[in-house]
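Heads up: the structure comes next, in structure tokens.
Read-outs throughout are calculated quantities, based only on the coordinates presented, and are distinct from any laboratory measurement. In this text, all values refer to a predicted model and were calculated from it rather than measured experimentally.
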Amino acid sequence: MTHYLDPKNDLTYDKLKIDLASERSMLDDAEKRRIKKRNKRKAKKARIIAQKLLKKGLPIEDVKDATGLTIQKIEEILKKMTNEN
């Protein structure tokens, strides 16, 4: 009697290895998508906070410290805000 995980039973063992690799790959892909979505949400929140702080008149450097955004990104937000008015 051959055991399911017996390396001597090449087809069954290889199929199990492939199945496990596929499952791991699917889980890795799902995790990458989840992280990407989370990062997008964080970036959006940072932009919204930056807009509010800029509207209150805070200096760009303070907005940078509070949000973690780059000065270039904050200047882009500021430019969009002035174009909207």
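Straight Cα distances below 30 angstrom link residue 15 to the lysines 32, with same-chain residues fewer than 8 positions distant left out.
The value for the chain of Rg(Cα) / (2.2 N^0.38 Å) is 2.10. One equal scatterer on each Cα of region 19-67, no solvent, Debye formula: the resulting log10 I(q)/I(0) at q = 0.25, 0.28, 0.32 Å⁻¹ is -0.84, -0.92, -1.03. Straight-line cross-link reach from residue 56 at under 24 Å between alpha-carbon atoms covers these lysines, not counting any fewer than eight positions away in the same chain: 42, 44, 45, 64, 73, 79, 80.
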